[in-house]
Amino acid sequence: MKKLSLLLLATMLVLSACKTKDDKKKVDQPVDLVDIKNPTVKIQKVWGASVGGGGKKLRLGLGLAKAGDRIFAAGADGEIAAFNLQTGKQIWRTKTKVDLSGGTGASLDVVAVGSADGQVLALSASEGKELWRADVKGEVLSAPAVGLKEVVVRTVDGRLRALAVTDGAELWSTEQQIPRLTLRGVAAPVIAHDMAFSGFDNGRVVAINMADGATVWDAPVSPSHGRTELERLNDIDAAVKVVDQEVYVAGFQGRAAMLALDNGQIWWTRDVSSYRGVDVDDDQMYVSTSEGDLVALKRRTGTEVWRDASLKHRGLSAPAVVGDYVVVADLDGYVHWFDRVTGTIAGRSKAGGERVTNAPLAVDGMLYLLNDKGELTAMRGQPIVARAAKAAPAPAPAPAPEAAPAPGGG
């Protein structure tokens, strides 16, 4: 599977090379950013840290996880660290000496990561001490999901495995047939309502009973179509979003959809291509498309509310809802803040000078980003209150009339 994923990359490079310079300028080049004349949000960097591991290594599966008052991050060179959410104070740092490619997943007790050679590592969330290692015999390119009793891991061979949180022993596994040609990357599993949810490279989303590994439902969200293998790519490479009794998902060259949590029934779909994941608020679902659009859809109907196309081909991250804003980061480390209601650009900041591949993490009005150089940035956005116009001076009071002489006065 790794060779086939690399084959896809090589094929896309060849196809790109066949285009003329004019075509590349029109189609492939990231648009230049335009200055925001009247920003409506003030963005403050609260703290920064680093877990290293920059360079040319792909960081498709290295993101952030939160548990309690801590945030966890991992670097490609094997460093894993815990920081205080509010202050950025480092609580612990562990050097595993492993080439990490998937992580972090966390609970109050355990932090889990995966490696390119099929190792899953579990560390104590309180002090960073390694608890166990397990060989899952497959490359891990996304963060494991950590539950009360299980650590659930997706591997590139199409398997979803549950490992005992106590010692890493395999409890169950399930498998989906994967096409010969796929994008490089796999969806991170999600644990909710005693089930594990995951998208696969065949355009399907499955729900698995955590207790015994039985399939609760299996939904074909994005059926493949087209004459060539490239046209039939329909990977779901990002985590689904589970909210209340609903599951939200988007796939590459496929669809965005809402599914019923209990039986996988598809309530609505929209033709949207994305490999970066989604976020939702009380009313809307947000999607970063593979072309670089940011789209807002009604949660209940899938109706498009607004679309911003000002960031074409800038390799957007998944969106994150932060207060009144929805935020995406791009290939140059710029972080773009949009008004959730209107879709207008509200402000822009920067998280280092490297691409932000993985989804930003929003917690209690703070935004956390890990760029591909391993730099972690925490920032906050506050609305800019327009200054009231200076009031005109009040007119001077009219002089009081002179008192008339009292009758009979003399």
- prompt: Can we say Gly226 is more than 13 Å from Ser274 (Cα to Cα), modelled with pLDDT of 95 or more and assigned to a loop (DSSP other than H, G, I, E, B)?
  reply: no
field: Flag if Gly343 is under 25 Å from Glu246 (Cα atoms) and either buried (at least 22 other Cβ atoms within 10 Å of the Cβ) or more than 18 Å from the chain's Cα centre (by Cα) (or both)
entry: yes
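Quick one: count up the residues across the stretch 229-244 that are assigned to a strand (DSSP E or B) and modelled with pLDDT under 80.
Within the stretch 229-244, the first condition is being assigned to a strand (DSSP E or B), and the residues that meet it are 241-243.
Now restrict to residues that are modelled with pLDDT under 80: none.
Adding up the residues that qualify gives 0.
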- prompt: Could you count how many residues in the stretch 120-137 are under 14 Å from Gly61 (Cα atoms) and without any contact (Cβ under 8 Å) to a residue 40 or more places away in the chain?
  reply: 0
- request: May I ask you to list the residues in the stretch 141-179 that are closer than 15 Å to Ser115 by Cα, at pLDDT 95 or above and β-branched (Val, Ile, Thr)?
  value: Val151, Val152, Val153
- request: Taking Val190 as meeting all but one of (1) modelled with pLDDT of 95 or more; (2) buried (at least 22 other Cβ atoms within 10 Å of the Cβ); (3) within 21 Å of Gly114 (Cα to Cα), write down the number of the exception.
  value: (2)
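Would you pick out the residues in the stretch 234-249 that are of a type in the set (Asp, Glu), surrounded by fewer than 24 Cβ atoms within 10 Å (Cβ to Cβ) and touching a residue at least 24 places away in the same chain (Cβ under 8 Å)? Break it down into steps so the answer makes sense when it comes.
Looking only at the stretch 234-249, we keep the residues that are of a type in the set (Asp, Glu), and these are 235, 237, 244, 246.
Narrowing the set further to residues that are surrounded by fewer than 24 Cβ atoms within 10 Å (Cβ to Cβ) leaves 244, 246.
Glu246, the sole residue that qualifies.
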task: Filter the stretch 296-318 down to residues that are in contact with an Asp or Glu (Cβ under 8 Å, 6 or more places away or on another chain), within 13 Å of Ile345 (Cα to Cα) and not in a loop (DSSP other than H, G, I, E, B), then give me how many there are.
output: 2
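Where in the stretch 117-157 are there strands (runs of 3 or more DSSP E), lying fully within it, with 1 or more residues that are buried (at least 24 other Cβ atoms within 10 Å of the Cβ)?
By residue number, 119-124, 150-154.
Which ones in the stretch 250-273 are within 15 Å of Ala219 (Cα to Cα) and either in a loop (DSSP other than H, G, I, E, B) or small (Gly, Ala, Ser) (or both)? Lay out the reasoning, then the answer.
Taking the stretch 250-273 as the starting set, the residues that turn out to be within 15 Å of Ala219 (Cα to Cα) are 250-251, 254-269.
Hits for the stretch 250-273 are Ala250, Gly251, Gly254, Ala256, Ala257, Ala260, Leu261, Asp262, Asn263, Gly264, Gln265.
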field: Residue that is surrounded by the fewest Cβ atoms within 10 Å (Cβ to Cβ) [pool: residues in the stretch 295-320 that are over 18 Å from Ala257 (Cβ atoms) and touching a Lys or Arg at 6+ places or on another chain (Cβ under 7 Å)]
entry: Gly315
query: Taking interchain pairs and intrachain pairs at least six residues apart, which have beta carbon atoms under 6 angstrom, with the first residue in the stretch 336-353 and of a type in the set (A, V, I, L, M) and the second surrounded by fewer than 22 Cβ atoms within 10 Å (Cβ to Cβ) and part of a loop (DSSP other than H, G, I, E, B)?
result: Ile345/Ile36; Ala346/Thr40; Ala351/Gly333
field: Conditions (1) surrounded by fewer than 24 Cβ atoms within 10 Å (Cβ to Cβ); (2) in a strand (DSSP E or B): number failed by Gln86
entry: (2)
task: Output the number of the condition that Val247 fails; it satisfies all remaining conditions of (1) assigned to a loop (DSSP other than H, G, I, E, B); (2) modelled with pLDDT of 95 or more; (3) on the phi < 0 side of the Ramachandran plot.
output: (1)
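Select from the stretch 329-378 the residues that are among the basic types (Lys, Arg) and in a strand (DSSP E or B) and write down the one among them that is farthest from Asp282 (Cα to Cα). It would help to see each step written out before you state the result.
Going through the stretch 329-378, the residues among the basic types (Lys, Arg) turn out to be 340, 348, 350, 355, 373.
Checking which are in a strand (DSSP E or B) leaves us with 348, 350.
Values: Arg348: 24, Lys350: 28 Å.
So the residue we want is Lys350.
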- prompt: So, in the stretch 359-389, of the ones that are modelled with pLDDT under 95 and among the β-branched types (Val, Ile, Thr), which residue ends up surrounded by the fewest Cβ atoms within 10 Å (Cβ to Cβ)?
  reply: Val385
query: Do you know which residues across the stretch 89-116 are on the phi > 0 side of the Ramachandran plot and in a loop (DSSP other than H, G, I, E, B)?
result: Lys97
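The values are calculated or read from the model by the stated rules, or taken from the named source; none is laboratory data. Note that this is a predicted model, so its numbers are computed, not measured. Cβ coordinates were reconstructed from backbone atoms using ideal geometry, including for glycine residues, and neighbour counts include every protein chain displayed.
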